[in-house]
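Each remark here refers to the structure printed beneath this line.
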Amino acid sequence: MALLIQSKVIKLIFCLAFISSCMANDDNMPSDAKARVWYEAGQSYLAQQKHRRPGGDVKAKNVILFIGDGMSLATVTASRIYQGQLQGNPGEENLLSFEYFPEIALVKTYAVDKQVSDSASTATALLSGVKTRFYTLGTDESNTVENCGKGHLKSLLELAEEHGLATGAVSTARLTHATPAATYAHVSIREFESDAKGCADIAEQLIEFSYGDGLEVALGGGSKMFLPTSDGGLRTDGRNLIEEWKNRFGDDAFVSDTKSLKISNSNHLLGLFSEDHMSFTEHRDKQGFGEPSLTEMTEKAIEIVKQNDKGFFLMIESGRIDHGHHAGIAKLALEETVEFSEAIKRAQELVGPDTLIVVTADHSHTMSFGGYPKRGENILGIAGLDSHGLPYTTLNYANGRGYKEKRDDLSKIDTTADGYLQAAAIPLPIETHGGDDVPVYAIGPGSQWFSGVMEQNVIFHLMKAALLDYRE
Ligand SMILES: [Zn+2]
C-alpha cells in the first residue's frame, strides 16, 4: 500500500511538471513512442468526452464488448430489413436489438500502414487502445517476427483479470482467430495460431494465460489449433493443449458440444465446438450439428462470469458475418447479423443496468445497398433493370467471387436462394474488407461518452475508464 501511495505521489509531481504526462496518467501506458501517441490520443478523447458529456460518477460493474466482424453500416441496414421480412413485415421499419441503444458514434478503422484494415490490427485497437500494423495482434509497431517478446500491449481483458474481475472470450470463429485472440494473445503475425516460429503461438498463449486467476470462459471453434497432428490437429510440437487445460482446471473444464456446454459447472470453461470455424447459422440449423448458437454461448458465458461479485469483462464476437461477405454471399452475412442481434438481446436480459454494453464492428465490407427497390421488396431480391434491360439485385459487392464477364439474366435465377452469389464489379477469389467507418452502439454506465467520429482505439479507453479507473 505504501508503495502504491508513493508511486501515486511521484505521478502527481510528474503530472504538475508535465501536463502531457498528467493527461495520460496511466499504468498501462505503452513504452514504444509510436504506441504512446495513440494511447495518449485515446486518453485525450476520453477527457474531452468527460467534459463534453458529463454523466456523474461512472462506475460500470461489468462491460460486454460485442464485435460483429465485418458488420458495416450497409450490413446493419440490410439485416434489420431481412429480420423484419422474416417476421412477415415490409422490413424497413424494423430495428435490430442493439439499434435501440441510446448512444451511437462512428469509428475510423484504418491501421497505421493500411487505409483498409484487417481484424488483427482493428481488434488490437479495440482491446488494447493502440493502433498497430495490418496483421499484427496484441503488439505495437515495434514487434517483428524475430523479436517476438517485444511490444506487447496489455488488453482490457488482461487488465480486468489483474483487477480480480471475471473474464471471457466467445466467438463463432476459431478461438485463435484474430478478434478473440486479441483479448489474450500477443504475436507479430495473426497467422501464428498453432506455430509461431519459435515464439509462443496463439493457442499456447490461451492455455498458458497467466493474468489474474486465468480466463473464466473461452468458447468458439478451432480445436485443430490445440491438438497435435497425431490427434488430427495442426500442432507439430506434439502438445495436446486440451489435455493441458483439463490438467489445470479439471475434466469438466472442457466441452465440445451444446449438451455438455449446458450442463458444465466448471468455473474455468474452455469450449471448442468445431475443428475449424463454427458453422454458419444457416448450416447449423439445417444439419443439426452439436454446435451451440452464439446466443447459447453468450448465455453460458454470462452465467459463469456473473458469479464474480467484483464484476466481469466479456468479449463476444460474431466472427462469421465477415466470412459470409468474403464468400460474396450476402444472405450468410445477414443471417449471422440477425443471430448476433439475438445474442445481444439475450445478454441484455441477463445483466443489470450496472453493465456497459458496447456493440461495434472491427471493419467494413464492400457490400453496397442500392438501386430503387420498392418499399418492402425482398432485401435479397431485385432492385430494377440495368441499362441493357437486365434485372439487378439491391445488394452487390465491389469485388469478389460474384464477378462475371457477362451478367446473368436474373429473371431466370432465384437471387434469394441459399448460396446465391451477388454480382461483383472486380474479380477476386475472396471479397475484401471495406474502408468506410463502422458504427458503435452503447448502453449503460459510460455509454454517454460514445459520440462523435472516433478513432477505433478510443473505444478501449472509454470502456477501461467505465470499468476499471474507479477501482484504483
Ligand atoms: Zn475478414
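Just so you know, all these numbers are worked out from the coordinates, no wet-lab data involved. Being a predicted model, the structure only gives us computed values, none of them experimental. Note that we place each Cβ from the backbone using ideal geometry, even for glycine, and neighbour counts take in every protein chain shown.
Between amide H atoms placed 1.01 Å from N, distances below 5 Å from Gly381 occur with Thr394, all of them 5 or more places distant or on a separate chain.
Any idea what the relative contact order of the chain is, in percent, if you count C-alpha pairs under 8 Å spaced at least 6 apart?
On the way: 1079 pairs, mean separation 116.2, N = 472.
Across the chain, relative contact order equals 25 percent.
Helix 33-52 axis versus longest C-alpha principal axis of the chain: approximately 80°, rounded to the nearest ten.
Helix 2-17 and the longest principal axis of the C-alpha atoms of the chain enclose an angle of approximately 70°. Taking each residue as 0.36 nm, the span from Gln115 to Met29 lengthens on full extension beyond its C-alpha to C-alpha distance by 28.4 nm.
Checking the cross-link pairs Lys224/Lys404; Lys374/Lys412; Lys286/Lys412 against a 31 Å limit on the alpha carbon distance flags Lys224/Lys404 as lying beyond it. Packing, as the average of other Cβ atoms within 10 Å across residues, places the peptides 386-395, 274-283 in the order 274-283, 386-395, highest first. Our coupling estimate for region 415-427, obtained by passing each phi through the Karplus curve with A = 6.51, B = -1.76, C = 1.60 and θ = phi - 60°, is 6, 9, 6, 4, x, 5, 8, 5, 4, 10, 7, 10, x Hz, Gly and Pro reported as x. Measure nothing but the geometry: give the 0 to 90° angle between the long axis through the Cα atoms of 73-86 and the longest principal axis through the Cα atoms of the chain, rounded to 10°. Once rounded, one gets 60 degrees. In this structure the amide hydrogen of Thr139, modeled in the peptide plane, comes within under 5 Å of the amide hydrogens of Leu153, Val187, none closer than 5 places in sequence on its chain. The share of Cα pairs per 5 Å bin across region 393-451, counted from zero up to the longest distance, runs 4, 14, 19, 16, 11, 8, 7, 9, 7, 3, 1 percent.
Can you give me the distance in nm between label points at Ile430 and Arg471, each placed 7 Å from the Cα along the Cα-to-Cβ direction? Each label point lies 7 Å from its Cα, and together they span 3.6 nm.
Kirkwood Rh and Cα-based Rg: tell me the resulting Rg over Rh for region 203-287, rounded to two decimals. Don't skip to the answer; put the middle values down first.
Details: Rg = 13.3 Å, Rh = 13.5 Å.
Reported Rg/Rh, Kirkwood definition of Rh: 0.98.
Summary of the geometry: region 44-94 and region 178-235, compared by the centres of their Cα atoms, lie 29 Å apart. Convex hull volume per residue, computed on the Cα atoms of region 154-264, equals 103 Å³.
Straight Cα distances below 13 angstrom link Lys331 to the aspartates and glutamates Glu282, Asp322, Glu339, Asp414, Asp418, with same-chain residues fewer than 8 positions distant left out.
How large is the Kirkwood hydrodynamic radius of the chain, in angstrom, based on all distinct alpha carbon pairs? Could the numbers behind the result be given before it?
Details: mean 1/r = 0.0437 Å⁻¹.
When all Cα pairs of the chain are included, the Kirkwood radius is 22.9 Å.
Of all aspartates and glutamates in the structure, the ones whose alpha carbon falls short of 12 Å from that of Lys61, not counting any fewer than 8 places away in one chain, are Asp309, Asp354, Asp469.
Global size of region 64-115: 13.8, 45 Å for Rg and Dmax (C-alpha atoms, Rg to one decimal, Dmax whole).
Please figure out what share of the DSSP beta bridges in the chain is antiparallel and state it in percent, rounded to the nearest 5. Don't jump to the answer; show the numbers that get you there.
Numbers: 21 of 57 bridges.
About 35 percent, rounded to the nearest 5.
Distance between the pseudo-spin-label points of His163 and Asp276 (7 Å out from Cα toward the beta carbon): 3.9 nm. With semi-axes defined as the square roots of five times the eigenvalues of the C-alpha gyration tensor, the equivalent ellipsoid of region 354-471 measures 40, 16, 11 Å, largest first. For the peptides 183-196, 402-415, 257-270, residues were scored by their other Cβ atoms within 10 Å and the scores averaged per peptide; the highest-first order is 183-196, 257-270, 402-415.
Can you tell me what percent of all Cα-Cα pairs in region 369-427 are more than 14 Å apart? The answer is 54 percent, as a whole percent.
Close amide H pairs (under 5 Å, H built 1.01 Å from N) link His365 with Ser72, Gly434, residues at least 5 positions away or on another chain. When the pairs Lys154/Lys246; Lys108/Lys197; Lys154/Lys310 are compared against a 23 Å limit on Cα-Cα distance, Lys154/Lys246; Lys108/Lys197 fall above it. Reducing region 331-396 and region 432-472 to their Cα centroids gives an inter-centroid distance of 22 Å.
Peptides 316-324, 248-256 ordered by packing proxy, namely the average of other Cβ atoms within 10 Å per residue, highest first: 316-324, 248-256.
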